[in-house]
Every structure is written in C-alpha cells, then in structure tokens.
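First up is the structure itself, then whatever we jot down about it.
Nothing in this text is a laboratory measurement; each read-out follows from the coordinates by a stated rule. The structure presented is a predicted model; accordingly, all values stated were derived computationally and were not measured. Because the Cβ atoms are built from the backbone with ideal geometry, glycine has one as well, and the counts that use them run over all protein chains shown.
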C-alpha cells in the first residue's frame, strides 16, 4: 500500500483534531456536571514549568493546519503569541481547522510531495522535504500537544479514556 502526503498529513491531522474536539466536549460536559466553568481549565498545566492548556490547544492547530500552510509556502515558523480566546473559542478554532482540512483536495496536497520546507526559529533554519517535515516534526508535535491536553484534563478530573484520545481510527473498508 502506497501512502501519500495527504494520508500522512491531512488524514492524520483530522483524526487528532476530531478526537480533540470530542475530548473538549467531554470536558465541557464534566464542567456542567460539577458546576465548574470550562474557562477555568484554560490556565491548567501539568507542572509549573509547562505551558497551560491554552498553549496546547493553540499548538494543535499550528501543527496541523499551520503545517499545510508552511509546506505550501516553503517556510514554517512558530507562531507568535497565543490568541486570547475563551474555552468555546478554542474549541471552535480546532473545529474550524478540521473543517478547512476536510475541504482540501488530496491531489492538491499530494502535488506538494517532496517540496522543500524550511523550519525557522530565530536565526536557525532547518531544511526538510514535506514528508520528512510531517513525519519527523509536525506529527510528533501534534501528538505531544494533544496528549498534553488529554493529560491536563485528566488531571483536572475529566473522565477520559484512551478511546477518547484515539478518535476515529482509519479502518479497512
């Protein structure tokens, strides 16, 4: 089975973003049951030296939809600042990113196969090819930030399981 750039990027991003929307919905339901404001979760973090939930949610869209934009432009750089959104705003941002990804044509994404893309942070530049960027940088970062989101919410008491994190898997048929 041949695997395309679309398969490793957009299909994988959609699985993670859709699952993340479900995780956030579960957290909203938990907040409603416990009388907690979902916005109170935004400042939660796993450790004092880690960034809060807002950063994790922001980076989920950066390392999915933002990666496709970076490949298209040939340059990916970390975004500056975190948008000032409430819980519902971050949830909507993730859903909007998934909607944009769903609208992308596989042929358009696959046409960028083997395209050079540079990761730039400060004065440092790291050259990649699109597939290598997705597999060795984008996906590991996306999984890190979605896993951290899951862990923050679990630590806050939200009842979540592994299936919530995995989302809809890409099954045969």
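Temperature 25 °C, viscosity 0.890 mPa s: under these conditions the Stokes-Einstein estimate for the range 5-166, based on its Kirkwood radius over C-alpha pairs, is 151 µm² per second.
How large is the Kirkwood hydrodynamic radius of the range 98-173, in angstrom, based on all distinct alpha carbon pairs? Present the calculation step by step, with values, prior to reporting the outcome.
On the way: mean 1/r = 0.0650 Å⁻¹.
This gives a value of 15.4 Å.
Entry note, the chain: the mean residue ellipticity at 222 nm calculated from DSSP H runs of n ≥ 4, each adding -39500 (n - 2.57), is -15500 deg cm²/dmol after division by the residues and rounding to the nearest 500. Fully extending the segment from residue 25 to residue 163 would add 48.3 nm, taking 0.36 nm per residue of separation and subtracting the current Cα-Cα distance. Axis of helix 53-62 versus longest Cα principal axis of the chain: the two differ by about 20°, to the nearest ten degrees. How far is helix 12-34 tilted, in degrees, relative to the longest principal axis of the Cα atoms in the chain, given as a value from 0 to 90 rounded to the nearest 10? In the chain, helix 12-34 runs at an angle near 10 degrees to the longest axis.
In terms of the mean number of neighbouring beta-carbon atoms within 10 Å, the peptides 46-53, 34-41 order highest first as 34-41, 46-53.
Label separation (residue 105 vs residue 147): 3.7 nm, computed from points 7 Å beyond Cα along the C-beta direction. Across the chain, the relative contact order, built from alpha-carbon pairs under 8 Å that are at least six residues apart, equals 38 percent.
The angle between the Cα long axis of helix 139-155 and the longest principal axis of the Cα atoms of the chain comes to about 0 degrees, rounded to the nearest 10.
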